[in-house]
């Protein structure tokens, strides 16, 4: 059991349409001390080549709610399309119009002091899924 008084958060993104990590996605982190407290922007990061954010800011003591904001619209531009098209079994055209149906993904969750929360995002141009990982 951890003796820390704060929770910690990590995340990674997998592009399920390309079968690869999603690199270069901006991720912002916010926290609050209860369901009615104001959100405090803590900063952010961008996913690396493995789709991971290894340098998200620490959560302040007393945090009970966390929000991860993923800016995915830019990701579904040229770079992601080229990556998917390079795969032998990738669709020739994503037929996604402007790029992504969901330009942003905001995930809000409850945290307890001393616990670590890994929240992966499984992403494609028309949908997403999240879960509490380990």
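Just so you know, all these numbers are worked out from the coordinates, no wet-lab data involved. What you see is a predicted model; the values in this text were computed from it and never measured. Note: ideal-geometry Cβ built from the backbone for every residue, glycine included; neighbour counts use all protein chains shown.
With the simple model of a label 7 Å out from the Cα in the direction of the Cβ, residue 41 to residue 71 spans 1.0 nm.
The distance from the alpha carbon centre of region 1-47 to that of region 112-134 is 9 Å, rounded to a whole number.
Subtracting the Cα-Cα distance of residue 132 and residue 61 from their residue separation scaled by 0.36 nm leaves 23.4 nm.
Rounded to the nearest 0.05, the FRET efficiency derived from the C-beta distance between residue 104 and residue 5 at R0 = 30 Å is 0.45.
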